[in-house]
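Notes to accompany the following structure.
The values are calculated or read from the model by the stated rules, or taken from the named source; none is laboratory data. Every value quoted in this text rests on a predicted model; they were computed, and no experiment measured them. Counting neighbours? That spans all protein chains shown, and the Cβs are built from the backbone with ideal geometry, glycine included. For accessibility, only protein heavy atoms count, side chains too; no ligands or nucleic acids. Shrake-Rupley method; radii C 1.70, N 1.55, O 1.52, S 1.80 Å.
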Amino acid sequence: MSELNKDVVDLVWGRPSSGVSVSIFRRWAQGFVFSESELTALEQFEGGPCAVIAPVQAFLLKNVLFSRESSNWRQMSEEEQKMALCSTLSEILESVCSSTSTGFCLVTWAKGQSPHTSTQTITQAQSQTQDMPEPASSQPPQEQQPTALAAEELGFEQFHSVLHKRTVMSVAHLREEVLSLYHTWRGCCGVLLFLYSVILTKGIENIRNEIQDTMEPLIDPVHGHGSQSLVNLLITGHAVSNVWDGDRECSGMKLQGIHKQACVGFLTLMESLRYCKVGAFLKSPKFPIWILGSETHLSVFFTKEMSLVGPESPSEQARRVFQSFDPEDNGFIPESLLEDVMKALDLVSEPEYVTLVKSKLDPENLGIILLGPFLLEFFPDQNSGIPDSFPVYHYNGLKQSNHKERVEYVEGTALVLGFEDPMVRTDDTPVKRCLQTKWPYIELLWTTDRSPSLN
């Protein structure tokens, strides 16, 4: 991989003047490790790699909740954990692949070059399986739990000097190879090895063409946080920097957004602070699983209630189209755009009728059309079909952010109301403010004494 190292490092880490700090690299040097307290949850040891771990957790939950026959989704044997993790990693690699003709790239340790891990944290058998990936059919050796910090002596430069890239040309071969590398993904630097596999499968140039600011690295070399482009790449297969629907123009510059409905969603506390506006393709995914973003961390909110992600209703489509003509989220559009909105929604748009609608929706001749009256005029009494209440769960991979420092799902009940009823108003927490960007009148009743943490 030597010829690719510089391009990969520049894309992922940028070019920090003093190099990537030992502490930042160490935080990212963990593998995909399941929690001992919650068998379908991945554990994050320190801040930073949530940008990879949270999307993988979201897709893993999708597969466990909706593709598995077992009714008890919180119980998994070691073999089931292996299959669930590897099928999830394969799925993400398949989603980022621009063309199957170029194949899929897997970044692993060069033969005989995997880090020698501490005997206190991992057995020698584990190191050997990293050197020589076992066939998918063979039995894994007995091992202790892998750790994030399994090879303290492995530095940034050394890590990049012992990598090997292999290419597989078919989906079937990819899935077989990913499965055979299970112990590599679980061991030291497994998260980075997977991230590099994603980047090379997608193609460095393809990523650069999608990132808005090519000078911004995927991982902040100062604080260690992943960028929105990295999160979007893992969720949607595209490394765009924005979360709105479609592309926008600003001062003649094209700003790329999300172009189709995602499998798992994304909501952010930043929207409640009016820093950004997440579009419908991320807010309304195919499965009821949402990655939640705070200022510094990513967690996952999910439910089994599929009615939350049913087909877009006519009024939801109208809201999305109207808002696409209102990029600043003012809640109104100039009346000159009304005809374009009506055409986009396949409503009658003859000039005489449009003039009649303008006079009805803007009786005071202010020159603007408000979203609320527009929806009431064309889509009155639209029932969302969402149940009044349903069970919900929250995942945070950081031990220190969990009750008793055990990574476990926090259970609760959500109530989505059509209006704000003071009789059932619950506390005002970051999790709730984040979810209110999708459900303005959601209330949450958690089974624990304290609300789950977004950080």
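Annotations for the structure displayed:
- Extension gain for E38-K111 works out to 22.9 nm (0.36 nm per residue, less the C-alpha to C-alpha distance).
- Kirkwood-based shape ratio for region 1-112, expressed as Rg/Rh from alpha carbons: 1.02
- Cα→Cβ-extended label distance, 7 Å offset, between R68 and K6, nm: 4.6 nm
- Inter-site label distance for M306 and L417 at 7 Å from Cα along Cβ, in nm: 3.0 nm
- Sparse-neighbour loop sites [GluC sites (Glu not before Pro); region 17-89; at most 13 other C-beta within 10 Å; DSSP]: E36, E69
- Reciprocal mean inverse distance between Cα atoms of region 311-423 - Kirkwood radius, Å: 17.3 Å
- Estimated purely from DSSP H runs of n ≥ 4, each contributing -39500 (n - 2.57), the mean residue ellipticity at 222 nm for the chain is -10000 deg cm²/dmol once divided by its residues.
- Extension gain from H259 to L347, taking 0.36 nm per residue of separation minus the Cα-Cα distance: 29.4 nm
- Kirkwood Rh (inverse of mean 1/r, distinct Cα pairs), the chain, angstrom: 23.6 Å
- Low-density loop positions, GluC sites (Glu not before Pro), region 325-365 - DSSP coil, at most 15 other Cβ in 10 Å: E328, E364
- Among the chymotrypsin sites (Phe, Trp or Tyr not before Pro) in region 253-313, those located in a DSSP loop and surrounded by at most 12 other Cβ atoms within 10 Å of their own Cβ are Y275.
- Calculated on the alpha-carbon coordinates, the convex hull of region 314-379 measures out at 75 cubic angstrom per residue.
- Extension gain, T214 to E364: 0.36 nm times the residue separation minus the Cα-Cα distance gives 49.3 nm.
- Surface composition of the chain: carbon and sulfur atoms hold 50% of the protein heavy-atom accessible area at a 1.4 Å probe.
- Using a cut-off of 25 Å between Cα atoms, the listed pairs K260/K343; K399/K432; K111/K399 include K111/K399 as exceeding that distance.
- Cut-off 19 Å (backbone N to label point 7 Å along Cα→Cβ of V222), residues of region 291-309: 295-297
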